[in-house]
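Engineer: Sharing a structure, written as structure tokens. Questions coming.
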Amino acid sequence: MAENQTQETDASVEAFLESVEHPGRRADSNVLLDLMRRVTGAPPKMWGPAIIGFGKYHYRYDSGREGDMLRVGFSPRKANLALYVIIKDDDRKPLLAKLGKHKTGVSCLYINKLADVDLKVLEAMVARSWNAARDKYGNPE
């Protein structure tokens, strides 16, 4: 069975953030770093070469595939900030309506810049995502 490509590493979060070329994206990343650290109480860890994650959970599918994944996190991409969040649909819709300019994927929230969104709403989304992962998978970290 193939190994999960997104795995926790020992790489430096600070060095990664210093390598982000776009100064606005780097500044927004530092705000997200502080927000997620405050909300989760967990230390940031690198997951793969470009994702900063907080906490982790263990999953196991009916197929037998299993692994560890970050509970919440983000990646400063060239095009946008990708936030990795798990939010139940019922909880997600009202918050997304108040968030501001964004796009969504299956479990990702895409923001061009933090100035486009309400940070208090974003903080609530991160907290709900953190708690949803705990409720679904337990609280290993």
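The values are calculated or read from the model by the stated rules, or taken from the named source; none is laboratory data. Just so you know, these numbers come straight off a predicted model, no measurement behind them. Quick reminder, even Gly has a Cβ in these numbers, built from the backbone with ideal geometry, and neighbours come from all protein chains shown.
Engineer: Report, ordered by the first and then the second residue, all pairs with beta carbons closer than 9 Å, sequence separation of six or more or different chains, a first member in the range 79-94 that is part of a loop (DSSP other than H, G, I, E, B) and small (Gly, Ala, Ser), and a second member that is at pLDDT 80 or above and surrounded by 13 or more Cβ atoms within 10 Å (Cβ to Cβ).
Structural biologist: Hits for this filter: ALA79/TYR110; ALA79/ASN112.
Engineer: I need a count of the residues in the range 12-36 that are of a type in the set (Val, Ile, Thr) and closer than 18 Å to LEU70 by Cα.
Structural biologist: Summing the residues that are of a type in the set (Val, Ile, Thr) and closer than 18 Å to LEU70 by Cα in the range 12-36 gives 1.
Engineer: Still on this structure: Counting only residues that are part of a loop (DSSP other than H, G, I, E, B) and either modelled with pLDDT of 95 or more or not charged (D, E, K, R) (or both), how many does the range 95-141 have?
Structural biologist: Counting residues in the range 95-141 that are part of a loop (DSSP other than H, G, I, E, B) and either modelled with pLDDT of 95 or more or not charged (D, E, K, R) (or both) gives 11.
Engineer: Which of the residues spanning the range 107-123 are under 13 Å from the mean Cα position of the chain (by Cα) and in contact (Cβ under 8 Å) with a residue 24 or more places away in the chain?
Structural biologist: CYS108, LEU109, TYR110, ILE111, LEU122, GLU123, listed by residue number.
Engineer: Just the residues that are over 21 Å from GLU123 (Cα atoms), of a type in the set (A, V, I, L, M), assigned to a loop (DSSP other than H, G, I, E, B) and at pLDDT 95 or above, please, taken from the range 1-59.
Structural biologist: The answer is ALA11, VAL20, ALA50.
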